[in-house]
Amino acid sequence: MNYPSEKVLPYSGNEASKGVQVAKMFDEIAPRYDLLNHALSFGIDRYWRKKGILSLQDVCPAKILDIATGTGDLAIQACKMLKPTQITGIDISDGMMQIGKAKVSGAGLSGVITFEQQDCTAMRFADHSFDAAMIAFGIRNFADIDSGLREILRVLRPGGKLMILELSTPEYFPMKQLYQLYSAIIPVIGRCISRSKAAYRYLPKSIAAFPQNAKMKAIMEQTGFGKVAYRKMTFGICTMYLGYKSFK
């Protein structure tokens, strides 16, 4: 099935696929990504990541897959909190992962966290390779959400768990109105700091187009995940989605 977010592209008038465009966009903003990410969320993204990581405790993951790992913030935090034996971060942007590798090395975690440039819709891992998978603020960039979720299900072991964090649109007054105003300002702030017009024009559009809440829950269920649930955080600005791979 095609979803509106799959058709939202960073570069209008560019004939390249969404995956190619997203990789180019993140390569461009990689040097300033962490600064912008924390600034635009007022630092609340750290709290969201912590809550997401804690949600994986029930499966005691030894091997974790971090999809759309970016500069490795989620992987580093998960390593410190969950103490797994291995975290593999994958991303289509090599520029982002190069920064992530430096951060991981600086934290002394290179023996646990590794990076690979891979497309989440066609991963090179064997079936049942991971105890848990996590995605922070990256699933709305998928060129094919269904294919990506099916691949994640394939590489999870039976009983394994998927945790997704994604930005979402508040539904109620006054946060809905404040968020609409903030969304209009994001491209201006992003352009000033990152010098990329495309990236922060794309951000609010991709959030608005992404299937949220009950719609995303239904998509996860349709692609094979069980016990799917979602939880809104910070007045609906961020939503956490959880699902398990069945033992059947």
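The values are calculated or read from the model by the stated rules, or taken from the named source; none is laboratory data. Since the structure is predicted, the reported quantities are computational estimates derived from the model, not experimental observations. So basically every Cβ, Gly included, is an ideal-geometry build from the backbone, and we count neighbours across all protein chains shown.
Computed quantities for the displayed model
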quantity: Residue under evaluation W48, criteria (1) out of contact with any Phe, Trp or Tyr (no Cβ under 8 Å at 6 or more places or on another chain); (2) of a type in the set (F, W, Y); (3) buried (at least 23 other Cβ atoms within 10 Å of the Cβ), criterion not met; calculated: (3)
quantity: Among the candidates E116, E166, E171, E151, residue that is in contact (Cβ under 8 Å) with a residue 40 or more places away in the chain and touching a Ser or Thr at 6+ places or on another chain (Cβ under 7 Å); calculated: E166
quantity: Extreme residue, surrounded by the fewest Cβ atoms within 10 Å (Cβ to Cβ), among residues of region 85-99 that are in contact with a helix residue (DSSP H, G or I) (Cβ under 8 Å, 6 or more places away or on another chain) and under 23 Å from V155 (Cα atoms); calculated: D94
quantity: Listing of strands (runs of 3 or more DSSP E) fully contained in region 35-145 that carry 1 or more residues being touching a Cys at 6+ places or on another chain (Cβ under 7 Å) and within 19 Å of L165 (Cβ to Cβ); calculated: 63-67, 86-91, 113-117
quantity: Residue among A143, A136, A132 that is of a type in the set (A, V, I, L, M), touching a Pro at 6+ places or on another chain (Cβ under 7 Å) and either farther than 17 Å from A208 by Cβ or touching a residue at least 60 places away in the same chain (Cβ under 8 Å) (or both); calculated: A132
quantity: All positions within region 61-79 that are surrounded by 23 or more Cβ atoms within 10 Å (Cβ to Cβ) and among the polar types (S, T, N, Q); calculated: T69, T71
quantity: Selection from region 196-223 of residues that are exposed (fewer than 15 other Cβ atoms within 10 Å of the Cβ) and out of contact with any strand residue (DSSP E or B) (no Cβ under 6 Å at 6 or more places or on another chain); calculated: K197, A214, K215, A218, Q222
quantity: Test: residue in region 140-154 that is exposed (fewer than 15 other Cβ atoms within 10 Å of the Cβ) and either at positive phi or β-branched (V, I, T) (or both); calculated: no
quantity: Residues of region 82-119 that turn out to be under 15 Å from A68 (Cβ atoms) and touching a Leu at 6+ places or on another chain (Cβ under 9 Å), as a count; calculated: 4
quantity: Criterion: touching a residue at least 12 places away in the same chain (Cβ under 8 Å) and touching a His at 6+ places or on another chain (Cβ under 7 Å) - qualifying residue of D45, D34; calculated: D45
quantity: Some residue of region 128-138 being under 13 Å from T69 (Cβ atoms), surrounded by fewer than 21 Cβ atoms within 10 Å (Cβ to Cβ) and touching a strand residue (DSSP E or B) at 6+ places or on another chain (Cβ under 6 Å); calculated: no
quantity: Positions within region 159-209 being farther than 19 Å from M233 by Cα, modelled with pLDDT under 95 and outside any helix (DSSP H, G or I), in sequence order; calculated: R195, S196
quantity: Enumeration of residues in region 210-228 that are assigned to a helix (DSSP H, G or I), over 17 Å from the mean Cα position of the chain (by Cα) and basic (K, R); calculated: K215
quantity: Answer residue from region 229-248, given it is farther than 20 Å from T169 by Cα and not in a strand (DSSP E or B) and is farthest from the chain's Cα centre (by Cα) among those; calculated: K248
